[in-house]
Amino acid sequence: MTYHIISIFPESLSSYLDSSLLKRAKEKGLMNVLFYNIRDYTKDKHNKVDDRPYGGGPGMVLSALPILSAVEEAIEKSEKPLVVFFTPHGEQFSNTVADEIKDEYTDVIFICGHYEGVDARVTQILKTKNVSIGPYVLTGGELPALVMIDAITRRISGVLGNDVSVEESRIAPKDPYTRPECFTYKEKEYCVPEVLRSGDHAKIDEFRKEN
Ligand code: ADE
């Protein structure tokens, strides 16, 4: 899967994408991320990415043409692309949506909006899939892009040690513990439940189910 990130702050995403699971997925050739800075697609000498909204109102709106040019370049580099636009009014993202995208597309192009929005002609022209990652308002589309990349990538075969269905059907501990077995904090002792130290896997599964 190749992800294309169209943003005015593309560099803000790289430290997370270069960590842990996503880094390993990239190294294994199971995913790739390409960045497109909207500013690089402006035509004026000040590299202006936004302007005042028609009809008045607060804030600035990201202009359509630089975004359309960036998306065009991303589409040229894609095989079977989906263009995603982030908005709190979009379809709720879920594991089901992640699986559909993983199974149907080779490339996902994320348009990360900012400020008071993006010129409405972008979504009209591109017929984007409009996605929300939850019932709250964020300042931009960069975090939703990271959320989708993480959720989709971990479902790609070969990314996790086990298949994702195996991973997710494991009795994952709701309350996990690690070493040390006991420690004292503010004069009180805290120990790992006895059963988890017993080595008896049937009992451990039973305990986790109950908890
Ligand atoms: N942009 C602003 N808020 C958002 C949200 N909750 N999900 C997706 N995009 C957004």
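What to note about this one:
- Failed criterion for K26 (all others in (1) within 15 Å of I156 (Cβ to Cβ); (2) of a type outside the set (S, T, N, Q); (3) surrounded by fewer than 12 Cβ atoms within 10 Å (Cβ to Cβ) hold): (3)
- If you filter the range 119-157 down to residues that are closer than 17 Å to P88 by Cα and in contact with an Asp or Glu (Cβ under 9 Å, 6 or more places away or on another chain), you find that the one that is nearest to the ligand (Cβ to nearest atom) is S132.
- Condition check for Y16: within 13 Å of the chain's Cα centre (by Cα) and either part of a loop (DSSP other than H, G, I, E, B) or farther than 17 Å from I75 by Cβ (or both): yes
- Evaluation of P173 against (1) in contact with a Pro (Cβ under 6 Å, 6 or more places away or on another chain); (2) surrounded by 11 or more Cβ atoms within 10 Å (Cβ to Cβ); (3) not hydroxyl-bearing (S, T, Y) (one fails), failing number: (1)
- Meets criteria (under 30 Å from G59 (Cα atoms), surrounded by 10 or more Cβ atoms within 10 Å (Cβ to Cβ) and modelled with pLDDT under 95) for G134: no
- Residues that are among the aliphatic types (A, V, I, L, M) and free of Cβ contacts under 8 Å to residues at least 40 places away in the same chain do not occur anywhere in the range 23-32.
- Some residue of the range 90-100 being within 16 Å of the chain's Cα centre (by Cα), more than 23 Å from P10 (Cβ to Cβ) and within 11 Å of the ligand (Cβ to nearest atom): yes
- Looking only at residues of the range 101-118 that are assigned to a strand (DSSP E or B) and within 12 Å of the ligand (Cβ to nearest atom), we find that the one that is farthest from A25 (Cα to Cα) is V118.
- Only one entry in E91, E116 is surrounded by fewer than 19 Cβ atoms within 10 Å (Cβ to Cβ) and touching a residue at least 60 places away in the same chain (Cβ under 8 Å), namely E116.
- Failed criterion for S19 (all others in (1) polar (S, T, N, Q); (2) modelled with pLDDT under 95; (3) within 14 Å of L126 (Cβ to Cβ) hold): (3)
- Top-ranked residue in the range 58-83 [being exposed (fewer than 11 other Cβ atoms within 10 Å of the Cβ) and touching a residue at least 24 places away in the same chain (Cβ under 8 Å); ranked as nearest to Y105 (Cα to Cα)]: K80
The values are calculated or read from the model by the stated rules, or taken from the named source; none is laboratory data. Quick caveat, the model's predicted, so the values are computed rather than measured. For neighbour counting, all protein chains shown are included, and Cβ atoms are generated from backbone atoms with ideal geometry for every residue, glycine included.
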